[in-house]
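Here the structure is laid out as structure tokens; the discussion comes afterwards.
The values are calculated or read from the model by the stated rules, or taken from the named source; none is laboratory data. This one's a predicted model, so the numbers in the text were calculated from it and none came from an experiment. Note: ideal-geometry Cβ built from the backbone for every residue, glycine included; neighbour counts use all protein chains shown. Note: areas computed on protein heavy atoms with side chains; ligands, DNA, RNA excluded. Shrake-Rupley method; radii C 1.70, N 1.55, O 1.52, S 1.80 Å.
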Amino acid sequence: MDEILAKNLRESVLKFDRQNVKRLVQESLDKGIPPLETADVLTNAIREIGDGLSRGEMFLPDLMLGAKTVSVGMELLEQEISRIGQKRKTLGTVVIGTVFGDLHDLGKNMVKTLLVANGFEVVDLGVNVGHSRFVEAANKAKPAILAMSALLTTTVAEMRKVIRSLEEAGLRQRLKIMVGGAAVTKEFAKDIGADGYEPTAVLAVELAKSLVPAQTE
Amino acid sequence: MSRTGFKRRFPPLEILSREDVEQIKQATLDILKETGVRIEHKGALDLLKQNDCLVNYDNFRVRMPEGLVQEALRRCPSTFRLKARDPKDDLVIGGNTVYFNAAPGMGIVDLDTWGYRTPKQKEYQDAVTVLDALPYVDWFSCYTPYFGYEGVTEAMKMTMGLVQNLTYSTKFGAVGFANYNWDFNFRIAQAAGAEVLCPALMVSSPLTLSEFAVEAAFRTLDYGMPCGVDTGSVFGATAPATLAGALAEFNAELIAGIVLIQLKKPYSRVMVFGFPHAQNMSTGSPYFGNIANAMFNAAENQIWRDYGVPLRNTASCYTSSKRIDFQNGMERSLAAIISALSGAHTINLHGGVYGELTHTPIQAILDDDLAGMVGRFIQGIEVTDETVALDLIHSVGPVPGHFLDTDHTFKWWKKEQFIQQCADTLTYPEWERAGKADCIAHAKNKMQKILANHTVSTKLTSAQEAEIETIVREAETFYGKRGDLD
């Protein structure tokens, strides 16, 4: 890819300049640059923000606005990737959702954003997701990881139900389960049989990375 | 008969100008009228539509006219009684009275490692006994002191916690709801002869009420129990980063709940809870102890005084510290005094260490000193001929005169000072001779004394215990059938 174009695109993401990102991505497509190459520039830029967050140099609003900025370019690229029949390499698929009875999705969205930035494909089920929907999605998307979030002490028990439903559906052994959210503790995660818990979005991504190889072995 | 709390004897702190208040209140009305709120409950949508709201059944969006909002607020009692198991522990909420309540933790803090774990049943009971004994704990928050104890399944935790609280304390309590436990919890409270306050109408910020929350609120009203409206605005995340914007949205979320309550059952007792706090923009965790939280509470207290609805400051005294240390003391003390000065009717304080994750009776004992100091402050300075003591000053005169042996000093000094129970107040030599004990050591001693000497003033009767036991068995059967007791 054209070095100057790549540099400008990266800087535009880091400046959260959505208009410029859209323009530069369109320019790359017009020049016939393979869309996967351009997509790499965008994901590398958002990963830079994620790394900055890990180092305490950047903050969540940077990450979320960065993700929003990248998505403007990704929308254009995905259309072209799909048209030419290519597929992006990913670290694996993660099905993610906030459990039934809980409408809080900020934490989940942060994890999702960082997972995407780090090369995972994410199927987001949204909020208030019942155990049967988790099972349905696990069946359909065949994820490496199923991730659940709960903010409230009153809804956290739903996680146990989801795991039980996955066991009953014979899917539990095919995937890893990670849980998080303000109401979740390491002790609780262990008790319900989850494979991992981390308290922050940044650490959740590290956890996901550590779970994937184990899953594919 | 009721608990007296502390009476603030001077005008409350006002952090906003009159114009500020009006601008924020107008913004709240605009939010309710133009953007509206999402209410995922068919019965609630029907009720609101019948009362002149614009209702879109496809996206659950409800837009509320100003007249309806004003009428709902008008219907809220500005003062009301909350009935405890023993009338001496009733609360009269509203006016210039400030109460303190115990705060929850999901686990018990280990004072050696500062880690936490699920408490054992005896530890739960001891914590309730300590809270029952402390003079400035006026009531218990939901799932306080702990979110259950060892050996109890998730589904039964709140219910079994409530049973312990009613057994080992006569103080009033709030109760949480989950998993359709409301019937069991309300019936258990009634069996013990008490009311419970349920913050049932829990808004999912921004601007959304789940079906479950509405259902819980309606069941609360069916039982004739007081209902809390609650929302967890997070500045810069679920609400604008600006405190003014967050206030406008926070108020709209709570008022939407109040409209629903006052339509369902007019003139119901409502208390505003609310869990507003800053977000830690590095981790996404709550930023407890941030001064923005206290500023928000001060403004919230001012505005809701205008609305005439009693309120509790919930997250104000939460700290980000995991220990009982300087940060902990600094953050909770600043918040407590600001909440009390600005007119909170009740302040969530005793025992909670980090957010709602951890609790320890040692913190609760230390907090009782804090509550006493804050309470003493807001009771102000009494100025009369007797307290100005002009005659006394004339009679004592210059050195070698002194006041130590006067009847006036004997009568007044204990009223004017607040004597802390656990602070280290010794001179240096005395402190060294006494083993260099710090406030935590003093609190541990006090806890031992409480557990050795305190028992609940009125025990449950055997008939009450039997009825509660029957309800607990029903709950176990209910959750057993649902497969929730595994």
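Quick notes
- Working from Cα pairs under 8 Å separated by at least six residues, relative contact order for the range A:6-93 is 36 percent.
- Compared with its chain on its own, the range B:181-206 contains the following residues whose accessible area drops by 10 Å² or more in the full protein assembly (probe 1.4 Å; ligands, DNA and RNA excluded): B:Met202, B:Ser204, B:Ser205.
- The range A:3-84: C-alpha gyration tensor shape, a/c 1.5 cut-off, then a/b vs b/c: prolate
- Largest accessible area first, the listed residues A:Glu136, B:Glu123, A:Glu168, B:Glu66 line up as A:Glu168, A:Glu136, B:Glu66, B:Glu123 when surface is computed with a 1.4 Å probe on the assembled protein chains.
- For the range B:98-256, alpha-carbon Rg over 2.2 N^0.38 Å: 1.11
- Rounded to the nearest 500, the helix-only mean residue ellipticity at 222 nm of chain B stands at -14000 deg cm²/dmol, with each DSSP H run of n ≥ 4 adding -39,500 (n - 2.57).
- Karplus (6.51, -1.76, 1.60) ³J(HN,Hα), θ = phi - 60°, over the range A:149-155, in Hz, Gly and Pro reported as x: 10, 8, 8, 9, 4, 7, 10
- In a simple Cβ point-charge model (Lys, Arg +1; Asp, Glu -1; nothing else charged), the protein assembly as shown has a dipole of about 940 debye relative to its Cα centre.
- Taken across both chains, chains B and A shield about 2100 Å² of accessible surface from a 1.4 Å probe.
- Debye equation applied to the C-alpha atoms of the range B:316-474, log10 I(q)/I(0) at 0.08, 0.11, 0.13, 0.19 Å⁻¹: -0.41, -0.71, -0.90, -1.19
- Only lysines eight or more places from B:Lys414 in sequence, or on another chain, were considered; those with a Cα closer than 22 Å are B:Lys7, B:Lys446.
- For B:Thr319, the residues 5 or more places off, or on other chains, whose built amide H falls under 5 Å of its own are B:Gly355.
- The residue among B:Ala44, B:Leu111, B:Ala441 whose Cα reaches farthest toward the positive pole of the charge dipole of chain B, with charges on the beta-carbon of Lys, Arg, Asp and Glu, is B:Ala44.
- Note on B:Asp46/B:Arg482: beta-carbon distance plugged into 1/(1 + (r/R0)^6) with R0 of 25 Å gives a FRET efficiency of 0.30.
- Global geometry of the range B:176-228, whether rounded, prolate or oblate, following the gyration tensor of its Cα atoms and the 1.5 cut on a/c: prolate
- In this Cβ point-charge picture (+1 for Lys and Arg, -1 for Asp and Glu), the range A:1-107 has a dipole of about 140 debye about its Cα centre.
- Our summary gives chain A a relative contact order of 17 percent, counting only alpha carbon pairs under 8 angstrom and 6 or more residues apart.
- Distance from the range B:151-191 to the range B:277-329 (C-alpha centre basis), Å: 27
- Computed with the Debye formula from one identical point scatterer per Cα of the protein assembly as shown, without solvent, the log10 of I(q)/I(0) at q = 0.05, 0.07, 0.08 Å⁻¹ comes to -0.27, -0.53, -0.68.
- Remark: chain B carries 41 Å² of accessible area per residue (probe radius 1.4 Å; ligands, DNA and RNA excluded).
- Each principal axis of the Cα cloud of chain A was evaluated for its coordinate range; sorted largest first, these ranges are 53, 37, 30 Å.
- Among A:Ile84, A:Ile177, A:Ile96: highest mean-square fluctuation, GNM of chain A, C-alpha pairs under 10 Å: A:Ile84
- Extent along the principal axes, Cα only, for the range A:92-216: 32, 30, 25 Å, with the longest axis given first.
- Nonpolar atom fraction for the protein assembly as shown, defined as the carbon and sulfur part of the 1.4 Å probe accessible area, stands at 53 percent.
- Near-label residues of the range A:42-72 by backbone N, under 11 Å of a point 7 Å along Cα→Cβ of A:Glu206: A:54-55
- Amide proton proximity set for B:His350, modelled H, under 5 Å, gap of 5+: B:Asn101, B:Ala102, B:Ala103
- For B:Ala244 and B:Gln26, the difference between the fully extended length at 0.36 nm per residue and the C-alpha to C-alpha distance is 77.3 nm.
- Cα centroid separation, the range B:52-116 to the range A:24-76 (Å): 44
- Contact with the other protein chains removes 30 Å² or more of accessible area, compared with the isolated chain and a 1.4 Å probe, from none of the residues of the range B:210-248.
- Residues losing 20 Å² or more accessible surface upon assembly, the range A:136-157, compared with the chain by itself, 1.4 Å: A:Leu152, A:Thr153, A:Thr154, A:Ala157
- Solvent-accessible area per residue for the range A:78-217 (1.4 angstrom probe, square angstrom): 45
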